[in-house]
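Notes to accompany the following structure.
The values are calculated or read from the model by the stated rules, or taken from the named source; none is laboratory data. Please read these numbers as outputs of a predicted model, since none were measured by experiment. With ideal geometry, Cβ positions are generated from the backbone for all residues, glycine too; neighbour counts draw on all protein chains shown.
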Amino acid sequence: MSQKHQAIKDSALIAIFASILFVQQVALSFLPNIQFTALLIVLYSRVLGFKKTSLIVIIHVFAINILSPFGPVIPMQIPAMVVGWLLIPILLHTIFKKAESAWSLAIIGFLFGFIYGWLFIPVSIWILDIPFLNYLYADILFEIIMAVSNFLTILWLYEPLKKLLIELKNRYYMIDVESLSELK
């Protein structure tokens, strides 16, 4: 496959996976902090790699803020959202590079549920003038919901979705799975 064809396929793949992130988040937005975003970003990080996942995350954050029927977040919060979602691929390709099991990734997803909420604290305190403790009290239930949602979705769905995504990726890029297993 030529580099031009590879770039076209990569662009299409990134657009499709960013769209999946967007659609599932909008579809589940009536449930506060219950979504598959962390699961999908973990999955993309492990199967597609850091660069493609980072592009997917950036496209997703801007799409959700521009196209969401519920309106954008406060513009000053967009950097926190970008950093928050990018933390998953960054951490999974550095500190947690060896975390491969659904259990270890689910624990990371659980912790991420709190970290993501904490990234919005500086904007809430300095720009929106919300007292620190008031923010924590108001947000802790939502952080717990996100943490539990991340933990359960990653624990239950990561392995089957990873197998499916690897199979689809190999077929998409026309990689002969049998010849790959012979190379091992």
*Take the residues of segment 90-106 that are within 15 Å of the chain's Cα centre (by Cα) and closer than 15 Å to Leu152 by Cβ: which is surrounded by the fewest Cβ atoms within 10 Å (Cβ to Cβ)?*
Ala106
_Checking the conditions here, which among Leu133, Leu128, Leu161, Leu157 is without any contact (Cβ under 8 Å) to a residue 60 or more places away in the chain and in a helix (DSSP H, G or I)?_
Leu133
*Of everything in segment 31-44 that's more than 13 Å from Ala18 (Cα to Cα) and not aliphatic (A, V, I, L, M), which residue is surrounded by the fewest Cβ atoms within 10 Å (Cβ to Cβ)?*
Pro32
*Please enumerate the residues belonging to segment 164-184 that are at pLDDT below 80 and assigned to a helix (DSSP H, G or I).*
Val177, Glu178, Ser179, Leu180, Ser181, Glu182, Leu183
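From Phe36, Phe50, Phe22, grab the single residue that is within 19 Å of Phe114 (Cβ to Cβ), among the aromatic types (Phe, Trp, Tyr) and touching a residue at least 40 places away in the same chain (Cβ under 8 Å).
Details: Phe50 fails: within 19 Å of Phe114 (Cβ to Cβ); Phe22 fails: within 19 Å of Phe114 (Cβ to Cβ).
Only one candidate passes the filter, namely Phe36.
Has segment 59-80 got any residue that is aliphatic (A, V, I, L, M) and out of contact with any helix residue (DSSP H, G or I) (no Cβ under 8 Å at 6 or more places or on another chain)?
Residues of segment 59-80 aliphatic (A, V, I, L, M): 59, 61, 63-64, 66-67, 73-74, 76, 78, 80.
Now narrow it down to the ones that are out of contact with any helix residue (DSSP H, G or I) (no Cβ under 8 Å at 6 or more places or on another chain): 66.
Yes, the conditions are met somewhere in segment 59-80.
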*Would you check which residues across segment 79-110 are in a loop (DSSP other than H, G, I, E, B) and β-branched (Val, Ile, Thr) and list them?*
Thr94, Ile95
